[in-house]
Amino acid sequence: MRLNYKHLRYFWMTARAGGVLRAAERLNVTPQTISGQIRLLEDQLGDRLFTRVGRHLELTETGRMVLGYADEIFSLGSELEEMLRTRPPGRRSVFRVGVADVVPKSVAYRLLAPALALPGSIRIVCRENALDALLAELAVHRLDLVIADGPMPEGLHVRGFTHALGECGVSFFAAPELAARLQGAFPRCLDGAPLLLPGEHTAVRGRLQRWLSQERLRPRIVGEFDDSALMKTFGRAGVGVFIAPSPIEQEVCEQYGVRVLGRSEAIRDHYYAISVERRISHPAVVAITEAARDWLTRP
């Protein structure tokens, strides 16, 4: 079924104006035209949108649902018209991307940087939030892409498609003073060592805990962090050992003044792009997915 947006607009205007006569005045058409368009929409949907109560029209349950979608559709249309009307000539095109708050900032930068290298002018607008909040914005086209550490959750009533960018192992880091106090070679040096855990909403946390169990290592958990940058800051202060993706190992050492204790390829960090496109066509998204292959392993 292909929705007729002209019929939908007449219905929307009638619901918002408070009746057929007022909608007809605003649209500069006859009331008969409005009524006919609404009947066609009802026939297409297979349900009534209005019911008459005395001299007034009231929305049915289906009508209220359709009105909610119509509000979003025509609100976005108004935003587009305003953007095009006020957009200066030669203005940069905007690429709006959401980054899940559990994705390390250095990883997010590496993934997004290729979009800035595209021919022509592009301006990136980055929003950081919880994944479910970002997916809600993606659903109403306020974002072009979402970067996450896991695929799109099942059960969400959001249209979206998951594209695997790649995966990598992790490295273990510690401040020099703490590293000097640890006993034995890696990974045995982690047994009894103070450890900073990624937050419970991160995908890598469960993999780390399973690996520790398999290796029969029992570190002392001294902190848990949703924000990976804050976890690294505590690590720099010598509070505990922490992990980060191996591809950004050098950056972590230089920025936080820490040492690498060892690496594990058994613990995998995964990264995904989530878009409303089944097949990627947006130039910036194409650039991101192709460049990710250079430093992430394909799953």
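Every number here is computed from the coordinates shown, using simple stated rules; none is lab data. Being a predicted model, the structure only gives us computed values, none of them experimental. Here the Cβ positions follow ideal geometry from the backbone for every residue, glycine too, while neighbour counts run over all protein chains shown.
Relative to the Cα centre, the charge distribution of segment 167-269, modelled as +1 at Lys and Arg Cβ and -1 at Asp and Glu Cβ, gives a dipole magnitude of about 440 debye.
If you work out percent of Cα pairs over 34 Å apart from the coordinates, which of [x] 11; [y] 43; [z] 36 do you get? Matching the structure shown: [y]. Counting only GluC sites (Glu not before Pro) that DSSP places in a loop and that have at most 11 other Cβ atoms within 10 Å, the longest clean stretch of the chain runs over 1-153. Centre-to-centre separation between the Cα atoms of segment 223-299 and those of segment 41-66: 51 Å. Extending 7 Å from Cα along the Cβ direction at residue 28 and again at residue 93 yields two label points whose distance is 3.4 nm.
The percentage of C-alpha pairs in segment 167-269 whose separation is greater than 23 Å is 13%. Each of residue 249 and residue 17 was given a label point 7 Å from its Cα along the Cα-to-Cβ line. The distance between the two points is 6.8 nm.
Among 152, 231, 65, the largest mean-square fluctuation in a Gaussian network model of the chain (Cα springs under 10 Å) belongs to 65. Here, segment 5-86 is characterised by an Rg to Rh ratio of 1.00, where Rg is the alpha-carbon radius of gyration and Rh the Kirkwood radius. When only alpha carbons are used to place a centre, segment 2-24 and segment 96-150 end up 36 Å from one another.
When 147, 73, 243 are sorted by how many other C-beta atoms sit within 10 angstrom of their C-beta, beginning with the fewest, the order is 73, 147, 243. Looking at segment 200-299, the trypsin sites (Lys or Arg not before Pro) that sit in a DSSP loop and have at most 11 other Cβ atoms within 10 Å of their own Cβ are 216, 278, 279.
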